[in-house]
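Student: Mind looking over this structure? Questions follow.
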Amino acid sequence: MNTALSSTFFSASPDWGWLIVWYFFFGGLAGGCYFIAVLIDLFGRPEDRVLARLGYYISLPSLVISAILLTLDLTRPLRFWHMLIESNTYQIMFKIWSPMSVGSWALFIFGIFSLLAFLSALAEDGQLQRPAAKSLRPPGALGSIIAAIGGLFGFFVAGYTGVILAVTNRPIWSDTPLLGMLFVVSAASISAALMILLAHKSGRTTPGLNALHRLDSWVVALEFVVLIAVMISLGPVFRAWLSAWGLLLLLGVIGLGMLFPLALHWRKEWLGNSNSTAAALSVLAGGFILRMVIVFSAQGV
């Protein structure tokens, strides 16, 4: 045995496939869009509330999709509820020492907050005839409390997938302490990108959209720094990316998903009116490829 290699190279693969890759992607969008929407609600201008509503409209469907994908990936999907309820006693099952149990409950609780925000956004847009639902969002005291607590759960959900990988005994996943941070930052970048893309397509071009553009550029730059830090922290395990997966990471994540949109941000004249769309699509593609590389490369060594 080569002692320079981590023992994780000799552990069994969980055999995760495309369902988990998409689950990670939509889970990041759910938590990230909700968190950004909360920031806009709490600290933005009144005219930017339309942009916050867009974030809530993205969050709930993304969370539902991610939950469906995770359920389908189970060996016995119809037993998904066993993560929350003990099958023999039907009592609540919560294991503070289990990241899977904590994550399951966090997803469930975050789903409640995401639903409340979704309904409030519908009421404010006049699509739901329940005026009281508007109080579930800031600036009122109740809405602010709900937003603050929900934002914390959204932040947790955005980085939770990286934490789950870190406690799984596989190369790359358990050989760096920075995957949770990488997933949080990546969730912020793809969420801001999707909100920007849909805001332009739907005409929700409020003054806050320019701030969201700047936020996405700074977050993408931070994501690049964190990814480099992840590579350095891997030490000898980095050789797992000296492969086709590493090339895809370089071209698809760093090139397409980070450097290209940053270049478009600084050179807005390159693609004219298509600049924002191209940058947002590039960030989204890079975020998906990042999850694909991390999931599949660790299982193929």
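The values are calculated or read from the model by the stated rules, or taken from the named source; none is laboratory data. It should be emphasised that the depicted structure is a prediction, and the values quoted were computed from it without experimental measurement. Note that we place each Cβ from the backbone using ideal geometry, even for glycine, and neighbour counts take in every protein chain shown.
Student: Quick one: Leu122 ticks every box in (1) under 26 Å from Ser186 (Cβ atoms); (2) in a helix (DSSP H, G or I) except a single one, so which number is it?
Tutor: (1) is the only condition that Leu122 fails.
Student: Now for a different question. Identify, from the list Trp270, Trp241, the residue that is aromatic (Phe, Trp, Tyr) and crowded, with 19+ Cβ neighbours inside 10 Å.
Tutor: On inspection, the qualifying residue turns out to be Trp241.
Condition check ((1) touching a His at 6+ places or on another chain (Cβ under 7 Å); (2) crowded, with 19+ Cβ neighbours inside 10 Å; (3) of a type in the set (Lys, Arg); (4) closer than 28 Å to Ala37 by Cβ) across all residues:
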{"position": "Ala211", "(1), (2), (3), (4)": "no, no, no, yes"}
{"position": "Val225", "(1), (2), (3), (4)": "no, no, no, yes"}
{"position": "Trp245", "(1), (2), (3), (4)": "no, yes, no, no"}
{"position": "Leu250", "(1), (2), (3), (4)": "no, no, no, no"}
{"position": "Trp266", "(1), (2), (3), (4)": "no, no, no, yes"}
{"position": "Asn275", "(1), (2), (3), (4)": "no, no, no, yes"}
{"position": "Leu284", "(1), (2), (3), (4)": "no, yes, no, yes"}
{"position": "Leu290", "(1), (2), (3), (4)": "no, yes, no, yes"}
{"position": "Val295", "(1), (2), (3), (4)": "no, yes, no, yes"}
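Student: How many residues does the stretch 167-210 hold that are among the hydrophobic types (A, V, I, L, M, F, W, C) and either within 19 Å of Val225 (Cβ to Cβ) or touching a Pro at 6+ places or on another chain (Cβ under 7 Å) (or both)?
Tutor: The qualifying residues number 14.
Student: Can I ask one more? The conditions are (1) under 29 Å from Pro261 (Cα atoms); (2) surrounded by fewer than 18 Cβ atoms within 10 Å (Cβ to Cβ); (3) modelled with pLDDT of 90 or more, and Ala148 fails exactly one of them. Which is it?
Tutor: Looking at each condition in turn, Ala148 falls short on (1).
Student: Can we say Asp73 is of a type in the set (D, E, K, R), out of contact with any Asp or Glu (no Cβ under 7 Å at 6 or more places or on another chain) and modelled with pLDDT of 90 or more?
Tutor: no
Student: Right, something else. Pull up the stretch 252-264, narrow it to residues that are under 17 Å from Gly287 (Cβ atoms) and among the small types (Gly, Ala, Ser), then point me to the one that is surrounded by the most Cβ atoms within 10 Å (Cβ to Cβ).
Tutor: Gly257
Student: Among the numbered conditions (1) within 23 Å of the chain's Cα centre (by Cα); (2) modelled with pLDDT under 80; (3) hydrophobic (A, V, I, L, M, F, W, C); (4) loosely packed, with under 13 Cβ neighbours inside 10 Å, tell me where Leu84 comes up short.
Tutor: Evaluating Leu84 over (1) within 23 Å of the chain's Cα centre (by Cα); (2) modelled with pLDDT under 80; (3) hydrophobic (A, V, I, L, M, F, W, C); (4) loosely packed, with under 13 Cβ neighbours inside 10 Å leaves (4) as the failure.
Student: While we're on this one: If you go through the stretch 276-293 one residue at a time, how many are hydroxyl-bearing (Ser, Thr, Tyr) and over 14 Å from Leu259 (Cα atoms)?
Tutor: Number of matching residues: 2.
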